[in-house]
1. Can you compute the equivalent ellipsoid semi-axes for the range 125-278, i.e. the square root of 5 times each eigenvalue of the Cα gyration tensor, sorted largest first and rounded to whole Å?
2. Which FRET efficiency, nearest 0.05, do residue 169 and residue 558 yield, Cβ-Cβ r, R0 51 Å?
3. For a 24 Å ceiling on Cα separation, which of these pairs sit above it: 391/564; 325/511; 186/403; 368/511; 337/553?
4. Tell me the angle of helix 182-208 to the major Cα principal axis of the chain, expressed in degrees between 0 and 90 and rounded to the nearest ten.
5. Angle between the Cα long axis of helix 7-26 and the longest principal axis of the chain, 0 to 90 degrees, nearest 10?
6. Which percent of Cα-Cα pairs in the chain sits in each 20 Å bin, short to long?
7. Taking the Cα atoms of the range 344-388, report the difference between the largest and smallest coordinate on each principal axis, in whole Å and largest first.
8. According to the square roots a ≥ b ≥ c of the eigenvalues of the Cα gyration tensor, what is the shape class of the range 357-490, taking rounded for a/c under 1.5, prolate for a/b larger than b/c otherwise, and oblate for the remainder?
Amino acid sequence: MISGTPEFWITQLNYIGLAALVVLGLVLLTGVGGLMSFGQAAFVGIGAYTTAYLTTAMGWSPWVALVLGLILTSIVAYVLGAITLRLSGHYLPLGTIAWCLSLYYLFGNLEFLGQYDGIAGIEAIHVFGISLSEGRHIYYLIWVAVLLSMWATRNLLNSRPGRAIRALKGGGGMAESFGINMASYKIIIFVYSALLACLSGWLYAHMQRAVSPSPFGLNYGIEYLFMAVVGGGSSVWGAIVGSGLILILKDQIQNVLPQIINTTANFELVVFGVLMVLVLQYARDGVWPIIASAWKAITGQKASQRNQAAPPVAEALPLRPRPEKGSLVLELDAARKEFGGLVAVNDISFTLRAGEIMGLIGPNGAGKSTTFNLISGVLPTTSGTISFLGKRLDKLLPRDIAKLGVGRTFQHVQLLPTMTVIENVALGAHLRRHVGVAAAALHLERKDEAELLHEAAKQLQRVGLGEYLYEQAGNLALGQQRIIEIARALAADPVLLLLDEPAAGLRYKEKQQLAQVLRQLSDEGMSILLVEHDMDFVMNLTDHLVVMDFGTKLAEGKPDEVQKNPKVLEAYLGGIDDDMEFDDDKQAGAPVVAGGAA
Ligand SMILES: Nc1ncnc2c1ncn2[C@@H]1O[C@H](COP(=O)(O)OP(=O)(O)OP(=O)(O)O)[C@@H](O)[C@H]1O
């Protein structure tokens with residue numbers, strides 16, 4: 001097929017393939033991970049210069065030079081990533097600009113790299129004795145590299161590490177609560193994208209047979225980022241669409257513009273800039289999503305995949321040892337939290353035993369969420385101790401607390417809306433299997449992946465959402481999203497379940513179903529601590545209540561005792577309208593405590 005293609009298009013396709021490799025890395029880094037880099041061109045330079053130097057000055061094989069280039073890139077990217085990825089907001093892009101410029105000037109000033117003249121006379125790559133000296137020969141190698149990289153990146157994104165990577169943008173704090181070290185995933189995708197850029201540089205050097213610093217400068221770094229954004233930052237296909245579109249457009253503008261406006265002045269960049277602004281204005285998510293939805297419309301493929309089959313049956317994941325029913329699980333001893341002069345939690349003490357359901361209630365601003373955040377490690381304590389199964393929690397990070405067996409939900413739902421329901425829940429089971437990035441990219445983790453997905457499906461069926469496995473989580477009602485959060489916490493196989501307002505937004509029937517699930521869990525020995533405003537729900541479900549007001553423990557005991565406590569009634573009387581929730585779906589909706597108080 002390629003033999004009849006004009007030379008011009010072969011060259012164009014080669015350049016598109018080389019750019020697509022770099023942009024694919026940016027899809028992962030920027031589009032999926034939300035980390036903006038202007039510096040990818042510098043990694044292309046490392047790949048190109050390593051092979052240029054080693055093959056010309058040392059006479060080594062290009063294949064050995066490729067391996068060494070990849071190793072060198074990993075080291076440089078790891079070090080640069082460890083420094084720059086700590087920077088947040090606009091400091092990160094500025095950091096990437098700084099190291100792109102530094103590497104560019106390094107290439108141009110090192111004598112053994114030929115300074116600004118670069119290195120010429122690079123030999124062609126040989127594959128099975130065939131020399132890839134011409135554009136139409138190396139074309140095959142470039143596009144095999146592109147397709148394999150796309151396959152590996154897609155595999156990676158649809159795997160255990162991929163789910164964590166997809167949580168980087170907008171779900172980092174949540175993922176840490178499931179034991180996932182998000183900082184290490186930032187470094188992983190940074191190194192991964194640098195390796196793809198290095199591969200592109202290696203191919204480029206052997207295609208051009210000469211290298212000089214100019215294609216590895218900042219303007220190319222910006223262009224790669226542009227390609228990723230225009231293509232559609234979060235899809236692997238966006239890499240090909242973006243690089244193809246920009247390179248072809250640039251070339252066509254250069255050809256057509258002088259004929260239209262009859263001038264030799266360099267207006268191409270102006271026209272190109274205006275076109276880019278229009279694309280970004282009318283296709284904010286890039287061009288690929290438009291192509292994908294048009295394709296779906298043509299082929300009649302439905303957006304919803306609700307009726308897809310459950311994942312194949314797999315071996316059940318091992319369970320962690322559980323404490324004996326009735327034994328001590330959680331103990332707060334004079335836990336205190338001050339925000340400046342405000343004492344949000346004032347020396348609170350209580351205990352929770354295995355199999356017990358405890359409610360933490362109180363008017364708005366009483367300090368419930370702060371107490372919850374002290375237990376889950378989101379906030380450090382000012383003083384006092386918090387112990388879980390005999391281990392101090394108050395000095396640990398949320399991810400270390402999760403590892404010990406504490407699962408949680410959030411007051412404001414924290415799901416990844418574009419991920420399917422089953423993927424969101426599988427994120428909860430992250431710590432229960434260990435799948436590396438290489439195994440995921442090469443799709444060697446099928447057994448582990450099946451087990452994780454099977455576990456997620458099991459938990460979703462347990463909470464009554466078994467028919468929504470493949471729905472996008474963001475398409476479900478808020479009440480259902482809260483239940484998904486509970487399934488995600490259960491997928492972590494916790495000993496202690498922390499639920500922050502689990503009944504908020506649920507209908508009466510859904511609340512009853514939820515109460516039934518929680519009771520069953522407690523019968524199985526799970527300890528549950530819930531913060532809740534819905535008094536009907538709390539009074540009917542919990543074994544034990546702690547009431548807080550102004551950061552202090554006001555009362556503690558069984559629900560029916562607490563309901564009659566005059567101090568509790570007084571605390572609630574002040575804020576009855578704000579603090580008590582009525583069941584819309586229930587006729588007799590008077591809240592228990594408020595009813596008692598009235
Ligand atoms: N990060 C913070 N910085 C300063 N003050 C805070 C912070 N977080 C909470 N507070 C204050 O601490 C007090 C307790 O807040 P907290 O959110 O724990 O109450 P709550 O009982 O959970 O209330 P709600 O039921 O409305 O969620 C409030 O006065 C609140 O304004």
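1. 33, 24, 13
2. Values: r = 45 Å, r/R0 = 0.88.
After rounding, the FRET efficiency stands at 0.70.
3. Numbers: 391/564 35 Å; 325/511 26 Å; 186/403 20 Å; 368/511 21 Å; 337/553 13 Å.
Listed pairs above 24 Å: 391/564; 325/511.
4. For helix 182-208, the angle is close to 10 degrees.
5. In the chain, helix 7-26 runs at an angle near 30 degrees to the longest axis.
6. In whole percents, the pair-distance histogram is 18, 42, 28, 11, 1.
7. 28, 24, 18
8. On the way: a/c = 2.44, a/b = 1.43, b/c = 1.71.
It is oblate, given that a/c is not under 1.5 and a/b is not larger than b/c.
Since every read-out is calculated from the coordinates, none of them should be taken as a lab result. As the structure is a computational prediction, the values presented were derived from the model and not from experiment. Every residue, glycine among them, receives a Cβ derived from its backbone with ideal geometry; neighbour counts consider all protein chains shown.
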